[in-house]
Structures are given as C-alpha cells and as structure tokens.
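Written out below as structure tokens is the structure these notes cover.
Where a number appears in this text, it was derived from the coordinates with a stated rule and is not lab data. This one's a predicted model, so the numbers in the text were calculated from it and none came from an experiment. Don't worry about glycine lacking a Cβ; one is built from the backbone with ideal geometry, like all the others, and counts go over all protein chains shown.
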Amino acid sequence: MKNPVDLKENERIDDLQRNGYKIIQNEKKFCFGMDAVLLSGFAMVKQGERVLDIGTGTGIIPILLEAKTEGEHFTGLEIQEESADMASRSVELNGLGDKIDIICDDINNARALFDAASFDVITSNPPYMIGKHGLTGDNREKAIARHEIFCTLEDIVREGSRLLKNKGRFYMVHRPFRLVEIFNTLTRYHLEPKRLKLVYPYVDKEPNMVLIEAFKGGNSRLTVEKPLIVYKEPGVYMDEIYDIYGY
C-alpha cells in the first residue's frame, strides 16, 4: 500500500502505539528519544487549552499530546528545516492538520510569530549541552538538537514566559546537573517550579533526566514526586514506562 506522504532518503515511518498515529523519522539524522515521550506523559493539558512545543524536532510531543489529551490546538516550533518538514508530513500522515501546526523558525523570533500570552501550556525538550562542539559534517543535525547552538536555556524560558498566559504551565525535560541553573532561570522569568520528577535508568544508578513543571506567576511551593525508574533489567522496562508508551 502506498504511503499517503512521500518519504525521502533514509526516512522511515514508526508506529507510535497511540490512536494509530505514526511518525516520520530519519535514522541517519535525529530520532526522538525517551525524554520526549516521558515529557508527553508528565505534561498536563486540559480540555480546550492551546499548547506550544519549543524545539519540536520531528513533532513527537505535539502528536503524542494530541493523542493523550483534550487540548484544543497544538503548535510545534522547530528551527531545522529538515526536521520541521518531517514533522509537517507526519501531521499530514495522521490527518491532524486541523489540530497541529508546525512552524519552522527560531524561538528568538517568537515576538514576530506569536502574541504575548497566547498559550495555556508550553513544553520543551531543549538542547541539554552547553557549547558548539560537535557541529561538523554528518553530525550537524544531532549537534543542533543536543547543544545550545541556536538557542539557550534562557532563550527558551524567556520567550516561554512571555508566551504563557498568567497561571499557564511550562514543562521541560532536562539533565539534573543543570538543575540549579534551570531553577534560577525559571524564577528570574516569573516561572515558579511546582513539580519535579527525577528519572533513573536503574534503581541503583544516578538520575539522568529531570521533569519539571512551572507555573507563570505561581506561588513558591515545590512538590518532588516519586522517582521514575526506567528499567527493571537491561531491555525490560518498568511497568510505568510501558504505561507511558501505551504498550
């Protein structure tokens, strides 16, 4: 059977195990990871809310949030043209053009793209690493996704705060080693951390991800949720991970 969208070199279609949705990815460039899936399970989107995903990559978070929630509309913002094109074709593949928009642009141009206080919820799986090392040859796309080359943590938080409605919610997945910097940046832009969940690869290992919820203009009160353990043993997820993936 012919696919309803054209695939380009090295692209494939993966089943997301949600609502029959699928996603186009390029195995030679950058595919979504567990961090994006975990963020989509951590973020709360209520009926009728509008959501912006900053640095959407191939559109995984808007597509999963559309499947899991009753949000009214979802927008994915992505600076890399190739990733944004894959995201747009995935939206088309799933027949979600009326629910999801993909915009190819820079978060630093957000003031020209969106009015202030346009969104109820903002999500971001941003570049984790500081610096520009790795921006060479075939690794360029991955380097941009993983390193703060075109945007910084502060860029995302600053523009996210401007775009959120008062009491709107900001969700981010990041690395624990930057947690102090993350909290300082959030509070500087009036985003008050409200929930935190650490993610551990195994019960006896250090955490390698952190999920954060912050409220715009919220009061100072942080809840640290029970940790999320990914693996029981190599290759076998904990039950909670299977639930998040929808298996």
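Have a look at G33, I156, T187 and report the one farthest towards the positive end of the charge dipole of the stretch 11-245, computed about the Cα centre with Cβ charges (Lys/Arg +1, Asp/Glu -1). The Cα lying farthest towards the positive end belongs to T187. Taking the Cα centre of the chain as origin and assigning +1 to Lys and Arg Cβ atoms and -1 to Asp and Glu Cβ atoms, the resulting dipole is close to 720 debye. Between Q17 and K46, residue separation times 0.36 nm minus the direct Cα-Cα distance comes to 8.3 nm.
Residues in the stretch 38-55 near a label at E70, defined as backbone nitrogen under 13 Å from the 7 Å Cα→Cβ point? The answer is 45-49, whose backbone nitrogens lie closer than 13 Å to the label point. Using the rule -39500 (n - 2.57) for each DSSP H run of four or more residues, divided by the residues of the chain, the 222 nm mean residue ellipticity is -8000 deg cm²/dmol. The spacing between the stretch 67-88 and the stretch 1-42, judged by their C-alpha centroids, is 12 Å. The residue among Y202, N94, I24 whose Cα reaches farthest toward the positive pole of the charge dipole of the stretch 11-245, with charges on the beta-carbon of Lys, Arg, Asp and Glu, is Y202. With unit charges on the beta carbon (Lys/Arg positive, Asp/Glu negative), name the residue among M44, S124, P176 whose Cα is farthest towards the positive pole of the charge dipole of the chain. Ranked along the dipole, the leading option is P176.
For the stretch 11-245, give the share of DSSP beta bridges that are antiparallel, in percent and rounded to the nearest 5; count only bridges with both residues there. Percent antiparallel among DSSP bridges in the stretch 11-245 is about 45.
Full extension of the segment from D106 to E9, taken as 0.36 nm per residue of separation minus the current Cα-Cα distance, would add 32.4 nm.
In the chain, which whole DSSP H runs stretch at least 30 Å along their own axis (Cα) and average 1.6 or higher on the Kyte-Doolittle scale?
Working: long enough: none.
The qualifying helices: there are none.
For K205 and L179, a Förster radius of 22 Å and the Cβ-Cβ distance give a FRET efficiency of 0.85, rounded to the nearest 0.05. Classification of the chain by its C-alpha gyration tensor yields a rounded form. The axis ratio a/c (a ≥ b ≥ c) stays under 1.5. Legend: distances between Cα atoms for K22/K226; K99/K194; K46/K216; K165/K194; pairs beyond 24 Å are K22/K226; K99/K194.
Sort 74-84, 24-34 by the packing proxy (mean of other Cβ within 10 Å over each peptide's residues), most packed first.
On the way: 74-84: 22.2, 24-34: 17.6.
Ranking the peptides 74-84, 24-34 by packing returns 74-84, 24-34.
Applying 1/(1 + (r/R0)^6) with r as the Cβ-Cβ distance of T187 and Y231 and R0 = 30 angstrom yields a FRET efficiency of 0.35.
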